[in-house]
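*Asks:* The structure under discussion is supplied below as structure tokens; questions concerning it will follow.
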């Protein structure tokens with residue numbers, strides 16, 4: 001028969017092995033959770049990119065459907081009331097898409113992509129004087145309401161960033 005001391009030693013070895021196995025299982029589960037979090041982050045980034053591209057395609061389709069109005073409006077040509085309404089909607093859609101894309105990039109911490117979204121919208125305004133004029137008029141129309149608020153909105157930051165990007169393009 002085995003002595004009690006040997007049994008206790010075997011039990012302690014078993015406990016040590018069990019503790020090591022437990023620690024290994026915890027480490028493995030933490031690694032697994034980390035991989036899941038990275039995968040979820042990658043999926044979110046891809047969904048945002050897909051949403052940005054899909055919205056861009058939709059807006060390009062709208063511009064193509066109203067190409068004559070877009071071209072004349074972006075040059076600053078005279079538009080009748082209906083055409084001016086359509087052009088205003090096209091401009092608002094472009095602005096909203098850029099604002100949304102920038103905001104989504106911000107939530108994901110993609111600083112460089114935020115700057116690209118701002119730059120791309122500012123480039124459209126820079127290359128199309130009628131669009132730039134319409135955008136500044138739209139911004140001016142909302143200025144009195146902005147002054148009434150105590151806290152600035154994210155849209156004001158977006159507008160300021162677009163203005164800065166336009167200024168840097170005009171300085172070149």
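The values are calculated or read from the model by the stated rules, or taken from the named source; none is laboratory data. All of these numbers come straight from a predicted model, not from anything done at the bench. Backbone-built Cβ (ideal geometry, glycine too); neighbour counts: all protein chains shown.
*Asks:* May I ask you to list the residues in the range 53-76 that are in contact (Cβ under 8 Å) with a residue 12 or more places away in the chain and either within 19 Å of residue 103 (Cβ to Cβ) or within 25 Å of the chain's Cα centre (by Cα) (or both)?
*Replies:* Result: 55, 56, 59, 62, 63.
*Asks:* Separate question: Is it the case that the range 24-33 has a residue that's under 23 Å from residue 137 (Cβ atoms), more than 25 Å from the chain's Cα centre (by Cα) and modelled with pLDDT of 90 or more?
*Replies:* For the range 24-33, residues under 23 Å from residue 137 (Cβ atoms), more than 25 Å from the chain's Cα centre (by Cα) and modelled with pLDDT of 90 or more: absent.
*Asks:* Picking from 120, 95, which residue would you name as being within 30 Å of residue 43 (Cβ to Cβ), without any contact (Cβ under 8 Å) to a residue 24 or more places away in the chain and surrounded by 13 or more Cβ atoms within 10 Å (Cβ to Cβ)? Explain how you work it out, then say what you get.
*Replies:* Numbers: 95 fails: without any contact (Cβ under 8 Å) to a residue 24 or more places away in the chain.
Just a single option satisfies the conditions, and that option is 120.
*Asks:* Look at the range 91-110 and say how many of its residues are assigned to a helix (DSSP H, G or I), over 15 Å from residue 122 (Cα atoms) and out of contact with any helix residue (DSSP H, G or I) (no Cβ under 6 Å at 6 or more places or on another chain).
*Replies:* Result for the range 91-110: 2.
*Asks:* Only residues that are in contact with a helix residue (DSSP H, G or I) (Cβ under 9 Å, 6 or more places away or on another chain) and assigned to a helix (DSSP H, G or I): list them for the range 53-70, please.
*Replies:* Scanning the range 53-70 gives 55, 56, 58, 59, 62, 63, 64, 68, 69, 70.
*Asks:* Now for a different question. Determine the pairs where a residue that is modelled with pLDDT of 95 or more, located within the range 77-88, has a partner that is assigned to a loop (DSSP other than H, G, I, E, B) with Cβ atoms under 6 Å apart, the partner being 6 or more residues away or on another chain.
*Replies:* Short answer, once both residue conditions are applied: 86/66; 87/79.
Yes/no per residue for (1) buried (at least 19 other Cβ atoms within 10 Å of the Cβ); (2) modelled with pLDDT of 90 or more:
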site	(1), (2)
104	yes, no
107	no, no
124	no, yes
136	no, yes
141	no, no
146	no, no
157	no, no
165	yes, yes
168	no, yes
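*Asks:* Let me ask something else about it. Residue 50 is checked against (1) in contact with a helix residue (DSSP H, G or I) (Cβ under 8 Å, 6 or more places away or on another chain); (2) free of Cβ contacts under 8 Å to residues at least 24 places away in the same chain and fails just one. What number does that condition carry?
*Replies:* The failed condition is (1).
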